[in-house]
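Right, one structure below, let's go through it.
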């Protein structure tokens with residue numbers, strides 16, 4: 001690959017646990033430092049995804065999740081709880097760069113989502129450096145992780161996600177509790193379909209995300225397969241961590 005080409009991983013699994021295992025593998029596989037920069041666009045089935053340092057019992061209505069067959073999962077990055085389904089588009093960018101100014105990296109990367117929305121005809125605002133709002137309602141949020149000089153940044157964009165389910169499933173996050181765990185800050189949400197008042201093709205949004213990346217970073221994306229080290233590390237993380245109740249419920253790995 002040339003210096004202005006980035007790897008594009010068009011990889012999604014039908015389980016949130018494998019999707020999150022791959023996320024961590026992208027920054028921790030044996031040859032991760034040699035396999036960047038890379039971009040992944042992916043989709044989850046219905047799932048509540050809590051941040052690394054959160055108490056799932058304070059963030060989600062677990063009984064509602066059980067009734068609706070909504071998975072509960074924990075990612076390895078920080079931040080708040082999100083609900084995702086097939087109407088949510090997820091973007092991951094992994095780069096190698098100085099990490100002395102993470103706010104700058106966050107601002108640059110979230111500009112991809114902001115430009116995507118503009119390409120779709122929606123004006124938006126950046127809130128708290130890691131969220132995007134439309135008419136004061138959250139439509140996108142992001143978090144990141146650093147390993148040496150590797151930065152993994154990922155974000156979700158609500159395209160046609162069921163807003164009613166979000167309100168139901170995340171209702172506990174509105175309540176105040178005394179806890180030493182990180183709490184989500186409740187915000188009203190919207191999706192792209194509502195903002196445009198029309199049906200939106202998720203694949204069209206995906207196309208605009210990729211166009212925005214190429215424009216902002218001035219690169220070309222080349223579709224690639226996962227490397228052997230990425231596959232191996234992803235499988236290890238799935239078996240030992242993301243498929244376990246201990247990790248997803250309590251954030252503990254035996």
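Values in this text are rule-based calculations from the coordinates and carry no lab data. Predicted, not measured: the structure shown is a model, and the values here were computed from it. Quick reminder, even Gly has a Cβ in these numbers, built from the backbone with ideal geometry, and neighbours come from all protein chains shown.
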* How long is the gain from residue 229 to residue 64 if the chain were fully straight, where each residue apart is worth 0.36 nm and the alpha carbon distance is subtracted? -> 55.6 nm
* To do: Please work out the Cα center distance from the range 211-254 to the range 62-121, rounded to the nearest Å.
  => 13
* Equivalent-ellipsoid semi-axes (√(5λ), Cα gyration tensor) for the chain, whole Å, largest first? -> 26, 23, 17
* To do: Just rank 135, 120, fewest to most, by other beta-carbon atoms within 10 angstrom.
  => 135, 120
* Asked: Shape call for the range 1-87 from the C-alpha gyration tensor, a ≥ b ≥ c root eigenvalues: rounded (a/c under 1.5), prolate (a/b greater than b/c) or oblate?
  -> prolate
* To do: Describe numerically, in nm with one decimal, the distance between label points set 7 Å from Cα along Cα→Cβ at residue 187 and at residue 34.
  => 4.0
* Asked: What does the highest-first list of 160-171, 194-205, 20-31 look like by mean Cβ count within 10 Å?
  -> 20-31, 160-171, 194-205
